[in-house]
1. Somewhere in the range 54-74, is a residue among the aromatic types (Phe, Trp, Tyr), outside any loop (DSSP other than H, G, I, E, B) and surrounded by 12 or more Cβ atoms within 10 Å (Cβ to Cβ)?
2. Out of (1) loosely packed, with under 10 Cβ neighbours inside 10 Å; (2) of a type in the set (Val, Ile, Thr); (3) part of a helix (DSSP H, G or I), the odd one out for THR49 is which?
Amino acid sequence: VTRYRDAVGFDKFVPKDLRRTCKTLMGACRISKEVRDRIQNHALQDVSTRHYDRYDYFDDKLGGLETWSSKLKELIGYVPPALSVVPSAETLPF
């Protein structure tokens with residue numbers, strides 16, 4: 001990472017910079033703080049969460065990550081590859 005960073009002229013950064021940027025931009029996407037914390041595996045410290053709430057919040061985290069994925073694709077200008085359609089044997093003229 002350091003060699004690449006130096007080669008392209010980026011300022012020094014550490015992994016927590018990526019986590020902070022991710023969490024900030026997820027907030028801009030209207031992903032709730034609770035879901036952002038769960039995605040980043042931040043421990044929720046209230047008594048109810050620590051001792052009683054065993055739900056995994058998978059669907060909530062998945063929804064947040066799908067929203068984040070869409071935002072990242074928008075930021076990098078991602079264009080999905082064209083689908084190639086292979087004709088079935090029934091549609092061939094011979």
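1. Checked against the condition, which is being among the aromatic types (Phe, Trp, Tyr), outside any loop (DSSP other than H, G, I, E, B) and surrounded by 12 or more Cβ atoms within 10 Å (Cβ to Cβ), the range 54-74 yields at least one hit.
2. (1)
Here, each number is a calculation from the coordinates, and none is a lab measurement. All figures in this text were calculated on a predicted structure; none of them were measured in a lab. Here Cβ is always computed from backbone atoms with ideal geometry, including for glycine, and neighbour counts include all displayed protein chains.
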